[in-house]
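The block underneath contains the structure these notes are about, expressed in structure tokens.
Please treat every number below as a calculation from the coordinates, not as lab data. These numbers were taken from a predicted model, which means no experiment stands behind them. Because the Cβ atoms are built from the backbone with ideal geometry, glycine has one as well, and the counts that use them run over all protein chains shown.
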Amino acid sequence: MKLIEGKPIAEIVYAECLQSFEKLKAAGHLPGLAVVLVGEDPASQAYVGSKERKCQELGMHSVKIEKPADTTQEELHAVIDELNADEAIHGILVQLPLPDHLDEDQVILRIDPAKDVDGLHPVNIGKLAMDDPTGFAPCTPSGCQRMLIESGIETSGKDVVIVGRSLLVGKSLALLMMGKRKGGNATVTVAHSRTKNLAELTRRADILVAAIGIPHFIGKEHVKPGAVVIDVGINRIDDPTAKKGSRLVGDVDFDAVAETCEAITPVPGGVGRMTIAMLMANTIRACELRAGLAD
Ligand code: NAD
């Protein structure tokens, strides 16, 4: 069994980012990312903190905007409008989920699609569906695809089953993997909470992706021997033996599935590492596109 770890693949992405970054700097451009956080959710705060640190490590311009949990829709739209107009900002990421009283779709719609480095604006989802390379694909699915490419796993003509149909992960990954670009050309099936005979379906997969949000949901019975398994899930479970009293696990029962599959991503240390890397790559590309320096 081969372990597909996120860190070395994220490093490849960062090395490419630095190369593009140097070219941009030489031409007088500095990529800038703005991250907007509403409320005080600790997990969101941690994600935003790591995004900011990575920007600083790469030498990018980074802005963190923190708003209180009772921010109104209009106030949040005003923040986005300002960032849309800010020449120093190439990428805008609004950390999700937002507090319940805010309409996430309206917030995403407000972002200039050219700065939507999270790839969730309908223009970018449309470009993804059209195989148009000028759009931005959502970071987590792009990260999954990049892991397959860098691990030398053929996707063309392969049967891929994705469990989970969220726009953030499952549905966007389906578009990427059935697309005609590198890491695509697969025959994709998307399963979800209403799918019948799930194990029967997932056992057909050459590549099985779990994006469900239920700890250890995918067991040995769901996996064809020799399949490749990508675990997108990040779930915190109680563990009295752990220092914090809890630990992170994926949607896949790693120990059981590792016995039968050909390759698998761990949690933590797998797909999660790729999400920030692809965000940085999208932001640098947004800057290249604006500067007219994109390949
Ligand atoms: P979501 O709740 O939006 O979607 C979950 C999907 O799972 C739904 O489409 C639902 O139909 C499906 N599902 C639920 N129960 C099911 C069942 N019994 N059988 C089959 N399908 C079922 O979640 P999401 O935002 O797509 O995230 C999924 C997981 O990925 C979560 O654990 C989340 O924390 C993780 N995640 C990780 C990253 C990362 O960077 N690695 C990024 C985003 C999300």
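Name the residues whose placed amide hydrogens come within less than 5 Å of the amide hydrogen of A191, ignoring near sequence neighbours (fewer than 5 apart) on the same chain.
I162, V163, G164
What's the FRET efficiency of N197 with T260 using the Cβ-Cβ distance as r and R₀ = 30 Å, to the nearest 0.05? Don't jump to the answer; show the numbers that get you there.
Details: r = 19 Å, r/R0 = 0.64.
The value I calculate is 0.95.
Let's see if you can work this out: charge +1 on each Lys and Arg Cβ, -1 on each Asp and Glu Cβ, no other charges. What is the dipole magnitude of the chain about its Cα centre, in debye to the nearest 20? Intermediate values should be presented prior to the final figure.
Working: 32 positive and 41 negative charges, 177 e Å.
Value, rounded to 20: 860 debye.
Through the Karplus equation 6.51 cos²θ - 1.76 cosθ + 1.60, θ set to phi - 60°, convert the phi angles of the stretch 62-68 into ³J(HN,Hα) values in whole Hz; use x for Gly and Pro.
With the stated coefficients, the stretch 62-68 comes to 9, 10, 10, 10, 10, 10, x Hz.
Between the stretch 202-242 and the stretch 92-137, what is the separation of their alpha carbon centroids in Å?
Rounded to whole Å, the Cα centres lie 27 Å apart.
Under the 0.36 nm per residue contour assumption, what length would be gained going from the current alpha-carbon distance of D131 and V63 to full extension? Working shown, then result.
Numbers: separation 68, 0.36 × 68 = 24.48 nm, distance 3.09 nm.
Contour length minus Cα-Cα distance gives 21.4 nm.
Could you tell me what percent of the DSSP beta bridges with both partners in the stretch 179-295 are antiparallel, to the nearest 5? Please report the intermediate quantities before stating the final value.
Numbers: 4 of 11 bridges.
Approximately 35 percent, going by the DSSP bridge assignments.
Along the positive direction of the dipole of the chain (beta-carbon charges: Lys, Arg +1; Asp, Glu -1; about the Cα centre), which of A15, A34, I125 reaches farthest?
Projecting each Cα onto the dipole axis, the largest value belongs to A15.
Report ³J(HN,Hα) in whole Hz for each residue of the stretch 192-205, in order, from the Karplus equation J = 6.51 cos²θ - 1.76 cosθ + 1.60 where θ = phi - 60°; Gly and Pro get x.
Once θ is set to phi - 60°, the couplings for the stretch 192-205 become 8, 5, 9, 5, 8, 6, 4, 4, 4, 6, 5, 5, 8, 7 Hz.
Considering only L293, A256, P266, whose Cα is most displaced toward the positive end of the charge dipole of the stretch 170-295, charges sitting on Cβ of Lys, Arg (+1) and Asp, Glu (-1)?
L293
How high is the FRET efficiency between R181 and D112 when r is their beta carbon distance and R₀ equals 25 Å, given to the nearest 0.05?
Details: r = 24 Å, r/R0 = 0.97.
Computed FRET efficiency for R181 and D112: 0.55.
Roughly how compact is the chain, stated as its Cα Rg over 2.2 N^0.38 Å to two decimals?
Numbers: Rg = 19.1 Å, N = 295, 2.2 N^0.38 = 19.1 Å.
Computed over Cα atoms of the chain, the ratio equals 1.00.
Are there trypsin sites (Lys or Arg not before Pro) in the stretch 169-232 that DSSP marks as loop and that have at most 15 other Cβ atoms within 10 Å, and which are they? Don't skip to the end; give the middle numbers.
Values: sites: K171, K180, R181, K182, R194, K196, R203, R204, K220; in loops: K180, R181, K182, R194, K196, R203, R204.
Answer in residue order: K180, R181, K182, R194, K196, R204.
Using only Cα positions of the stretch 92-204, each an equal point scatterer, no hydration layer, compute I(q)/I(0) via Debye at q = 0.12, 0.16 Å⁻¹ and quote the log10 values to two decimals.
Results for the stretch 92-204 at q = 0.12, 0.16 Å⁻¹ read -0.46, -0.78.
Mind telling me which of D118, D41, D251 comes out most flexible in a GNM of the chain, alpha-carbon contacts under 10 Å?
D41
Work out the length of the dipole vector of the stretch 28-120 about its Cα centre, built from +1 on the beta-carbon of each Lys and Arg and -1 on the beta-carbon of each Asp and Glu, and round it to the nearest 20 debye. Can you show the working numbers first?
Working: 7 positive and 19 negative charges, 104 e Å.
My answer is approximately 500 debye.
Just for the chain, what percent of DSSP beta bridges are antiparallel, to the closest 5?
Working: 4 of 33 bridges.
Rounded to the nearest five, the antiparallel share is 10 percent.
Filter the DSSP H helices in the chain by two things, a Kyte-Doolittle mean of at least -0.5 and an axial alpha-carbon span of 15 angstrom or more, and list the hits by number.
Numbers: long enough: 6-26 (30 Å, 0.08); 42-58 (24 Å, -1.01); 73-85 (18 Å, -0.33); 139-150 (16 Å, 0.02); 271-291 (30 Å, 0.66).
Result, helices passing both filters: 6-26, 73-85, 139-150, 271-291.
Please list, ordered by chain and number, the residues whose modelled amide H lies under 5 Å from the amide H of A205; skip anything fewer than 5 residues away on the same chain.
The answer is K224.
Counting only residues 5 or more places away or on other chains, whose amide H sits under 5 Å from the amide H of V117 once H atoms are built in the peptide plane?
Sorted by chain and number, the residues that satisfy this are I92.
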